[in-house]
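Please read the structure below before turning to the comments.
The values are calculated or read from the model by the stated rules, or taken from the named source; none is laboratory data. The model shown is predicted, which means the values in this text are computed figures rather than measured ones. Glycine gets a Cβ as well: all are built from the backbone with ideal geometry, and neighbour counts include every protein chain shown.
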Amino acid sequence: MKKFSVLISAAVVSSTLALTALPAHANLPLMVDGQQMPSLAPMLEQITPAVVSISVKGTQEVEQQNIPDAFRFFFGNPRRGQQQPQERPFRGLGSGVIINSKEGYVVTNNHVIDNADEILVTLKDGRQVEAKKLGSDEASDIALLQIEADDLTAIKVADSDSLRVGDFTVAIGSPFGLGQTVTSGIVSALGRSGLNIENFEDFIQTDAAINSGNSGGALVNLRGELIGINTAILGPNGGNVGIGFAIPSNMMNNLVSQIIEFGEINRGVLGVSGRSVNGEIAKALELETNQGGFIEQVVPDSAADEAGIKAGDVITKVNGKMVKSFSELRGKIGSIGAGKKVKITVARDGREKTFNVKLKKAESANIEAAVLHPMLDGAELENGTKGIEITDVEQGSPAAAIGLQADDVIVGVNRKRIENIGELRNFLKDHKGVFALNIQRNNANLFLMIR
């Protein structure tokens with residue numbers, strides 16, 4: 001969560017003595033007119049073991065302000081006129097959701113585990129397990145962890161595109177470190193964007209109480225299916241006022257699938273720029289719609305250009321689902337992987353026209369190889385066109401010790417072709433003992449043995 005404060009309110013309760021005896025029990029009846037009272041308990045008993053608490057600790061660099069000469073004895077001897085970076089320890093709490101019990105995959109928010117050196121997952125039954133980070137995406141605030149434990153419970157993921165405003169919701173997480181807590185509400189709005197919380201926004205808004213520590217927890221429907229990952233709240237003092245936001249499950253699923261397959265977010269790009277349609281723009285341009293994403297420019301040779309989308313079009317739907325703004329359009333496209341096909345519906349000259357668009361690849365982001373194998377620690381990897389490119393190797397690191405160099409390309413393992421980080425991870429997951437990396441260096445091929 002981004003900003004929080006603890007809000008405590010007190011109420012003075014007065015009572016008067018009654019002349020008649022008070023009833024022995026004030027609980028709600030189990031039956032009313034012969035009908036059993038509805039309860040969320042049976043559903044929650046099945047799915048709450050899939051929601052975990054996450055605690056992290058690590059160090060982060062902070063800028064140290066200029067220190068007067070009189071205090072240099074206590075704070076060292078920084079050079080004048082410069083801010084001195086300092087490493088300070090931090091601890092944090094959040095929540096997570098188990099989405100695959102066999103593989104031990106846990107989804108949470110990137111801001112929960114960002115810069116963490118140690119990640120500890122606490123299961124509902126009290127077991128504590130160390131987690132490793134498989135990948136994350138700061139732009140959408142999603143991270144994927146992996147734990148090793150028996151008898152895990154995974155949650156079923158629902159189709160968040162089928163949600164409607166007014167559908168009931170249940171939020172599960174660990175606010176303020178109190179332990180697992182459940183709150184309920186409804187879907188207040190869909191497709192919320194332009195909040196400047198993340199770069200890619202397509203939030204579910206809910207009035208189910210969400211507070212600090214709920215970040216990364218589950219938003220579920222009444223069937224106990226995951227519809228979103230709780231991420232942020234909007235409130236004047238950082239506390240819950242009934243406006244919470246969750247990343248839709250479909251968006252989460254798209255991003256996590258890319259991390260599992262490629263080891264990074266292989267984000268697709270449409271290749272357009274524009275702005276949100278409003279009443280003023282619609283009137284000035286004589287548009288038939290007051291909502292959608294108005295296309296001001298189409299990048300030459302982009303996915304949109306090749307599909308036939310033109311400047312002046314208004315994108316109204318993605319895969320048949322309405323989009324109300326350019327920000328919402330950006331959020332939906334930004335979670336779909338490169339190479340995927342999407343149906344883009346536009347309003348053009350008073351008519352609707354649908355295009356089949358194959359998204360192109362955005363600029364790739366580096367991923368630390370330490371999540372793959374200890375001997376690769378210190379190298380940065382990037383999925384390339386020919387294999388896994390080594391973009392940088394830290395001097396004195398295990399990766400440097402085995403002979404890896406910047407600009408090397410990993411093209412295979414034990415003579416087996418490897419095309420991306422996801423394939424390398426799958427090999428290392430099931431392999432024990434010695435193996436050989438097949439490296440392409442300049443115009444030569446070589447093998448590096450790893451124990």
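Data overview
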| quantity | calculated |
| --- | --- |
| Residues located in region 205-222, provided they are surrounded by fewer than 24 Cβ atoms within 10 Å (Cβ to Cβ), in contact with a helix residue (DSSP H, G or I) (Cβ under 9 Å, 6 or more places away or on another chain) and not polar (S, T, N, Q) | Ala209, Leu222 |
| Test: residue in region 368-383 that is over 20 Å from Gly135 (Cβ atoms) and either of a type outside the set (D, E, K, R) or modelled with pLDDT of 85 or more (or both) | no |
| Close pairs from region 249-266: first touching a residue at least 12 places away in the same chain (Cβ under 8 Å), partner of a type in the set (S, T, N, Q) and in a helix (DSSP H, G or I), Cβ under 8 Å, at least 6 apart | Ser249/Ser160; Asn250/Ser160; Met251/Ser160; Glu264/Gln258; Ile265/Gln258; Asn266/Gln258 |
| Test: Glu138 is touching a residue at least 12 places away in the same chain (Cβ under 8 Å) and either in contact with a His (Cβ under 9 Å, 6 or more places away or on another chain) or assigned by TED's automatic domain parsing to the domain that holds Gly334 (or both) | yes |
| Of residues in region 418-451 being within 30 Å of the chain's Cα centre (by Cα) and assigned to a loop (DSSP other than H, G, I, E, B), the one modelled with the lowest pLDDT | His431 |
| Test: Glu201 is touching a residue at least 60 places away in the same chain (Cβ under 8 Å), part of a loop (DSSP other than H, G, I, E, B) and acidic (Asp, Glu) | yes |
| Scope region 402-417; condition closer than 13 Å to His373 by Cβ and either outside any strand (DSSP E or B) or in contact (Cβ under 8 Å) with a residue 60 or more places away in the chain (or both); matching residues | Ile402, Leu404 |
| Hey, Ile67 surrounded by 12 or more Cβ atoms within 10 Å (Cβ to Cβ) and at pLDDT 95 or above or not | no |
| Count of residues meeting criterion [farther than 20 Å from Phe200 by Cβ and part of a loop (DSSP other than H, G, I, E, B)] in region 123-162 | 17 |
| Positions within region 102-115 being within 21 Å of Arg425 (Cα to Cα) and either more than 16 Å from the chain's Cα centre (by Cα) or in contact (Cβ under 8 Å) with a residue 60 or more places away in the chain (or both), in sequence order | Lys102, Glu103, Gly104, Tyr105, Val107, Thr108 |
| Residue, modelled with the lowest pLDDT, within region 31-64, restricted to residues that are in a helix (DSSP H, G or I) and of a type in the set (A, V, I, L, M, F, W, C) | Ala41 |
| Meets criteria (in a loop (DSSP other than H, G, I, E, B) and closer than 28 Å to Asn253 by Cβ) for Gly396 | no |
| Residue that is surrounded by the most Cβ atoms within 10 Å (Cβ to Cβ) [pool: residues in region 113-165 that are within 21 Å of Asn199 (Cβ to Cβ) and in contact with a Phe, Trp or Tyr (Cβ under 7 Å, 6 or more places away or on another chain)] | Leu144 |
| Qualifying positions in region 163-186 - part of a strand (DSSP E or B) and touching a residue at least 40 places away in the same chain (Cβ under 8 Å) | Phe168, Thr169, Val170, Ala171, Ile172, Gly173, Val182, Ser184, Gly185 |
| Top-ranked residue of region 437-448 - restricted to ones that are without any contact (Cβ under 8 Å) to a residue 40 or more places away in the chain and surrounded by 10 or more Cβ atoms within 10 Å (Cβ to Cβ), ranked as nearest to Asp407 (Cα to Cα) | Arg441 |
| Output for region 281-324, where each listed residue is under 20 Å from Asn356 (Cα atoms), of a type in the set (S, T, N, Q) and not in a strand (DSSP E or B) | Ser302, Asn319 |
| Cβ-Cβ under 6 Å pairs, at least 6 apart or on other chains, region 273-300 side touching a residue at least 60 places away in the same chain (Cβ under 8 Å) and surrounded by fewer than 18 Cβ atoms within 10 Å (Cβ to Cβ), far side among the small types (Gly, Ala, Ser) and part of a loop (DSSP other than H, G, I, E, B) | Glu288/Gly350 |
